[in-house]
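Here's the structure we're looking at; comments come further down.
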Amino acid sequence: MSATTIEYKGSGDHRVDMHWLQQALEQDLSPKEISKSTLKLGSEQVLLGDVFSIDGKLSASELSLKNSSNRLDYVGIGLPSDKTLLVEGDCGHYLGQQLAGGRLICNGSALHYAGCNMQTGSIEIMSNAGDYVGGSIAGNKRGMAGGRLLIHGNSGDFTGDLMRRGLLMVAGNIGDHCGNRMIAGTITSMGSVGKNAGNGMRRGTLLFPSKPASMATGFNDCGRHSLGFLPLLMRDIRAPESAFQALHPMRRRVQRYLGDASVDGQGEVLIWIG
Amino acid sequence: MMKWRNASVARWSNIPAQNHKLMNINGVFIEDTFAEAFPMRATRIIITGINYKWARHAAETMTGFATSVIGCKVEAGIERELGNHETPDGRPGIAVLLFATDRKTLEAQLQARIGQCVLTCPTTAVFAGLEGEGQIALGKNLRYFGDGYQTSKQVDDHRYWRIPVMDGEFLCEETTGYQTAIGGGNLLVFARSLSQVLLACEAAIDAMSMLPNIILPFPGGGVRSGSKVGSKYKTLSASTNHPYCPTLKGLPDNVLDKNVEAVMEIVIDGLSVEDLNLAMRRGIEAICDLGKAQGIEKITGGNYGGKLGPHHFYLREIMGGDQI
């Protein structure tokens with residue numbers, strides 16, 4: 001079955017809420033029905049067909065969002081496990097929020113909260129992502145809960161805020177407060193990491209090539225170790241095509257910092273050595 | 001061997017006389033009978049270590065005192081060595097198979113043995129080695145040894161526990177798979193001398209040990225103390241299989257020919273019928289390669305008239321014909 005194309009025609013300066021795509025998928029609406037439904041742009045109601053054109057059926061396993069823009073929020077929200085969404089262009093906030101097993105590829109950048117509260121599945125962002133990647137929307141107690149989130153560029157502040165499970169990979173640099181209030185899971189990077197990493201971290205792993213600009217004060221230096229689980233983790237990290245494939249698959253020697261003691265945490269910051 | 005499955009004195013009377021066709025391989029008579037075996041539950045684990053020495057220390061310790069489900073609750077053995085490329089963490093490893101009569105016993109024995117013999121062994125880690133029909137605990141309960149300092153890591157839908165220990169971390173997978181398997185496949189070898197029967201059994205054991213999915217749980221793979229059901233002493237449920245004891249030749253119950261000086265048994269546990277078929281074939285081939293010239297008189301199997309278990313391994317079918 002060929003990919004179904006959804007083309008964004010533009011919405012002026014207005015932001016577009018892409019929740020409609022999740023509802024259309026759940027209700028298996030035809031392109032005609034979708035075009036006739038309404039969408040709120042600012043204070044106005046417009047026909048969805050005026051903002052998007054759809055070619056093909058949404059029952060297709062592969063969907064393509066063309067001409068995407070950073071004005072499109074909630075792209076791929078709740079994407080189910082039988083769907084792949086290819087986004088050509090940038091995305092707005094909340095890309096892949098609550099992803100439910102689907103595969104989401106954005107060949108541009110994403111704004112804040114990409115992959116927040118995602119459950120399972122994978123998100124790949126070819127360029128940069130904003131703040132709170134893999135985090136939690138305001139009010140939720142837990143962030144990303146599973147799956148893999150791969151950013152080929154940089155990510156902003158509070159990457160992995162309240163992260164619960166899963167693998168968050170940033171090929172470039174990470175901003176400040178990485179792993180803030182992290183509950184579990186793994187965040188790794190091939191670049192530099194900003195200030196206050198691991199603040200309020202309870203469990204989980206931050207795995208970096210060099211020490212962050214600063215770590216939360218509640219971290220203790222546990223010394224150098226060869227950790228047996230790292231080769232297992234490396235299989236996951238090296239699986240997708242990315243800069244991480246440069247890492248040796250059997251690498252296991254790290255400097256370990258344990259914290260954040262201020263919350264009685266047993267999270268760890270691991271720095272590759274050797 | 002104190003095993004009820006090798007017990008019936010009267011088994012020869014259960015075999016119709018017309019089935020006693022001649023089958024000789026290199027002069028070794030293959031009896032027209034079957035080896036009887038029974039269903040078990042089995043699991044495989046992979047023990048890795050900084051080198052083979054330490055992985056093997058753990059594997060040998062945890063498979064100790066695991067010859068028979070009767071006395072040991074579990075039958076266990078080393079299946080084979082695994083190269084670095086075959087183990088989850090890229091270190092030298094040993095594959096271990098464990099067999100028990102039911103899932104609960106298998107799980108209890110596995111945890112006890114991992115806890116006492118692998119957790120304690122320097123540098124080792126343990127992983128699931130079988131997908132199986134269901135899952136049993138491996139590190140799931142062992143993690144509490146970490147006293148709250150244990151952490152888990154989920155990779156590819158597998159959960160691993162990291163337990164702080166004095167040489168770093170003990171890494172163990174949360175669960176391993178188990179499956180229905182077969183216990184008690186066997187061969188009985190008759191020879192003109194003790195040294196000749198030992199030589200034959202060693203050749204068979206070497207050949208069978210090369211195969212995957214099976215273990216030979218008894219010491220060195222061989223069994224000298226075949227037993228029968230019951231005893232003249234009421235407190236014993238099994239006693240020496242005196243019809244096969246060469247020092248009792250000439251007594252009314254004894255079935256040994258006068259030129260047979262020793263009998264030895266090889267017991268095989270395997271994951272499937274095909275695995276046992278292949279193992280028994282390789283074993284018989286190795287014994288028959290030595291042939292009558294090396295003093296091997298006969299090969300038979302432990303036949304209990306179908307009372308022991310549903311798995312019947314017909315020796316002549318395994319060897320591919322009625323006569324050779």
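Write down the Kirkwood hydrodynamic radius of chain B, to one decimal in angstroms, obtained as one divided by the mean of 1/r over all alpha carbon pairs.
Working: mean 1/r = 0.0483 Å⁻¹.
The answer is 20.7 Å.
Leaving ligands, DNA and RNA out of it, report the carbon-plus-sulfur percent of the accessible area of chain A at a 1.4 Å probe.
45 percent
In bins 5 Å wide, starting from 0, what share of all Cα pairs of segment A:145-234 does each bin hold, as a percent?
4, 14, 26, 28, 20, 7, 0
GNM on chain B, C-alpha springs below 10 Å: top fluctuator among B:Y144, B:Y178, B:Y233?
Top of the fluctuation ranking is B:Y233.
Show me B:85-97, A:212-224, B:244-256, B:125-137 ranked by packing, highest mean number of other Cβ atoms within 10 Å first.
Packing proxy ranking, top to bottom: B:85-97, B:125-137, A:212-224, B:244-256.
Could you pull the Rg and Dmax for chain A, using just the Cα atoms, both in Å?
According to the Cα coordinates of chain A, Rg and Dmax are 19.5, 63 Å.
With each run of n ≥ 4 DSSP H residues scored as -39500 (n - 2.57), what mean residue ellipticity at 222 nm is computed for the protein assembly as shown after dividing by its residue count and rounding to the nearest 500 deg cm²/dmol?
After summing the helix terms and dividing by the residues of the protein assembly as shown, the value is -4500 deg cm²/dmol.
Which semi-axes, in whole Å and largest first, does the equivalent ellipsoid of segment A:1-146 have when worked out from the alpha carbon gyration tensor as the square roots of 5 times its eigenvalues?
22, 17, 14
Can you tell me which of B:32-43, A:25-36 comes out highest on packing, and rank the rest after it, using the mean Cβ neighbours within 10 Å?
Most protected by this proxy first, the peptides run B:32-43, A:25-36.
Can you give the charge dipole size of segment A:1-160 about its Cα centre, rounded to the nearest 20 debye, using +1 on the beta carbon of Lys and Arg and -1 on the beta carbon of Asp and Glu?
260 debye
Charges at C-beta only: +1 for Lys and Arg, -1 for Asp and Glu. How large is the resulting dipole of chain A about its Cα centre, in Debye rounded to 20?
Dipole of chain A, to the nearest 20 debye: 1020 debye.
Quick one: what are the phi-derived ³J(HN,Hα) couplings along segment A:197-205, Karplus 6.51/-1.76/1.60 with θ = phi - 60°, whole Hz, x for glycine and proline?
5, x, 4, x, 6, 9, 9, x, 10
What nm value, rounded to one decimal, do you get for the distance between B:S193 and A:A3 when each label is placed 7 Å out toward the C-beta?
About 7.9 nm separates the two model spin labels.
Taking 7 Å along the Cα-to-C-beta vector as the label spot, tell me the B:K249-B:Q179 distance in nanometres, rounded to one decimal.
It is 4.4 nm.
Applying the Karplus parametrisation 6.51 cos²θ - 1.76 cosθ + 1.60 with θ = phi - 60° to the phi angles of segment A:243-257, what ³J(HN,Hα) value in whole Hz is obtained for each residue in order, glycine and proline being reported as x?
With coefficients 6.51, -1.76 and 1.60, one gets 4, 5, 5, 6, 6, 5, x, 9, 5, 8, 8, 9, 8, 10, 10 Hz.
Compute the semi-axes of the equivalent ellipsoid of the protein assembly as shown, taking the square root of 5 times each eigenvalue of the Cα gyration tensor, and list them largest first in whole Å.
So the equivalent ellipsoid measures 64, 28, 18 Å along its semi-axes.
Checking an interface number: how much accessible area is buried between A and B, summed over both chains, with a 1.4 Å probe, in Å² rounded to 100?
Heavy-atom accessible area buried at this interface is about 1400 Å².
Could you look at chain B and say what percent of its accessible area is carbon and sulfur, using a 1.4 Å probe and all protein chains?
Carbon plus sulfur share of accessible area: 53 percent.
Which residue fluctuates most in the GNM of chain B (Cα springs below 10 Å): B:N303, B:N186, B:N241?
Its mean-square fluctuation being the largest, the pick is B:N241.
Let's test the formula: R0 of 35 Å, r as the Cβ-Cβ distance of A:Q23 and A:A239. What FRET efficiency results, to the nearest 0.05?
After rounding to 0.05, the efficiency reads 0.60.
For the pair B:T235 and A:I273, what calculated FRET efficiency results from E = 1/(1 + (r/R0)^6), where r is the Cβ-Cβ distance and R0 = 56 Å, to the nearest 0.05?
FRET efficiency, A:I273 to B:T235: 0.30.
How many Cβ atoms of partner chains, on average, are near each residue of B:145-153 if near means within 10 Å of its Cβ?
Going residue by residue through B:145-153 and averaging, the value is 3.
What's the magnitude of the charge dipole for the protein assembly as shown around its Cα centre, counting Lys and Arg as +1 and Asp and Glu as -1 at the beta-carbon? Answer in Debye, nearest 20.
On the way: 59 positive and 59 negative charges, 311 e Å.
Using only the charged Cβ atoms, the result is roughly 1500 debye.
How about segment A:194-236: which of its residues lose at least 50 Å² of accessible area in the presence of all protein chains relative to their chain isolated, using a 1.4 Å probe?
For segment A:194-236, once contacts with the other chains are taken into account, A:F229, A:L232, A:R235, A:D236 lose 50 Å² or more.
Which Cα, out of A:M250, A:S214, A:M234, lies furthest along the positive dipole direction of segment A:181-274 (beta carbon charges, K/R +1, D/E -1)?
Value computed over the given set: A:M250.
Report relative contact order for segment A:64-215 in percent, whole number only (criteria: Cα-Cα under 8 Å, sequence separation at least 6).
Relative contact order comes out at 13 percent.
Report the gain in length on full extension from A:R202 to A:M250: 0.36 nm times residue separation, minus Cα-Cα distance, nm rounded to one decimal. Spell out each step's value before the answer.
Numbers: separation 48, 0.36 × 48 = 17.28 nm, distance 2.70 nm.
The A:R202-A:M250 span can extend by a further 14.6 nm.
Averaged per residue, what accessible surface does chain A expose to a 1.4 Å probe, in Å²?
Roughly 40 Å² per residue, with all protein chains present.
Using a cut-off of 24 Å between alpha-carbon atoms, which lysines can reach A:K195, once sequence neighbours fewer than 8 places away in the same chain are excluded?
Partners within reach: A:K141, A:K211.
Sort the following peptides by mean Cβ neighbour count (other Cβ atoms within 10 Å, averaged over residues), highest first: A:84-96, B:205-217.
Packing proxy ranking, top to bottom: A:84-96, B:205-217.
Hey, can you find the accessible area per residue of segment B:55-138 for me, probe 1.4 Å, expressed in square angstrom?
Values: 3110 Å² over 84 residues.
Dividing the accessible area of segment B:55-138 by its residue count gives 37 Å².
Just counting partner chain Cβ atoms within 10 Å, what average do the residues of peptide B:86-99 show around their Cβ?
On the way: counts 0, 1, 5, 10, 9, 4, 0, 0, 0, 0, 0, 0, 0, 0.
Average neighbour count from other chains, rounded to a whole number: 2.
Mind checking the per residue accessible area of segment B:210-298 for me, 1.4 Å probe, whole number of Å²?
Ligands and nucleic acids excluded, the figure is 50 Å² per residue.
Expressed as a rounded percentage, what relative contact order does chain B have, with Cα pairs under 8 Å and six or more residues apart?
Once normalised by length, the contact order is 29 percent.
The values are calculated or read from the model by the stated rules, or taken from the named source; none is laboratory data. Note that this is a predicted model, so its numbers are computed, not measured. Glycine also receives a Cβ, built like all others from the backbone with ideal geometry; neighbour counts cover every protein chain displayed. These area figures cover heavy atoms from the full protein model, side chains too; ligands, DNA and RNA do not enter into them. Shrake-Rupley method; radii C 1.70, N 1.55, O 1.52, S 1.80 Å.
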